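Working notes for the structure below.
The values are calculated or read from the model by the stated rules, or taken from the named source; none is laboratory data. Keep in mind that what you see is a predicted model, and the values were worked out from it rather than measured. Backbone-built Cβ (ideal geometry, glycine too); neighbour counts: all protein chains shown.
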């Protein structure tokens, strides 16, 4: 299983989230429903992308170059990860990886807590959000990749963040579950997202490809 595959799957999950809010402009506190969808996607991107650079937690490569060696390990992770546009997020928890160093098949799973500290992320419409932990977000995430190119993923995000965008600010409580499956060769699959974000009910199913 490669980091590239994980990044691809994560982007698909974010597409599903960003589609949840539609174009409604019903105010939810200081945010419209469309803005809640953007904020949710930005939170998920900050949460998932902070765990995608696995090089710091994986075992060092064997001397003499790559070898088709089975791997299975569990690591405690604790790091301060830069956010895409400034600030950072503190990540603490556990990471589990199984598979081998050559084949695409394998599983990645992590269970972590995120504490945002001025973490700046742009939504898909380039709206910038800045997040601070209130007090934190819990993230559970897994992705399974088969040697035949099938991918399944899922997880949930629960907790709260303080947010600021365009001179407005507030607090958003999230309890979001996401899952999906895809064939990497055909890029055909499906994704679902459900739960609540900033007081707004989210329920979305999406066909991919």
Within segment 123-142, the residues that are loosely packed, with under 15 Cβ neighbours inside 10 Å and either within 15 Å of the chain's Cα centre (by Cα) or without any contact (Cβ under 8 Å) to a residue 12 or more places away in the chain (or both) are 126
Return yes or no: is residue 200 within 16 Å of the chain's Cα centre (by Cα) and either in contact (Cβ under 8 Å) with a residue 24 or more places away in the chain or buried (at least 18 other Cβ atoms within 10 Å of the Cβ) (or both)?
no
Check segment 171-180 and report whether any residue there is at pLDDT 90 or above, more than 21 Å from residue 204 (Cβ to Cβ) and assigned to a strand (DSSP E or B).
yes
Within segment 177-192, the residues that are under 14 Å from residue 158 (Cβ atoms) and crowded, with 21+ Cβ neighbours inside 10 Å are 178
Residues located in segment 194-206, provided they are at pLDDT 85 or above, in contact with a helix residue (DSSP H, G or I) (Cβ under 8 Å, 6 or more places away or on another chain) and closer than 17 Å to residue 45 by Cβ
197, 198
Taking only segment 127-162 into account, find how many residues are touching a helix residue (DSSP H, G or I) at 6+ places or on another chain (Cβ under 6 Å) and over 12 Å from residue 113 (Cα atoms).
6
Sole exception among (1) buried (at least 18 other Cβ atoms within 10 Å of the Cβ); (2) within 21 Å of residue 31 (Cα to Cα); (3) at pLDDT below 90; (4) within 17 Å of the chain's Cα centre (by Cα) for residue 145, by number:
(2)
Hey, residue 190 without any contact (Cβ under 8 Å) to a residue 24 or more places away in the chain and not in a strand (DSSP E or B) or not
no
Selection status of residue 154, over 16 Å from residue 48 (Cα atoms) and in a strand (DSSP E or B):
no
Can you find even one residue in segment 101-115 that is surrounded by fewer than 13 Cβ atoms within 10 Å (Cβ to Cβ) and either at pLDDT 80 or above or in contact with a strand residue (DSSP E or B) (Cβ under 9 Å, 6 or more places away or on another chain) (or both)?
no
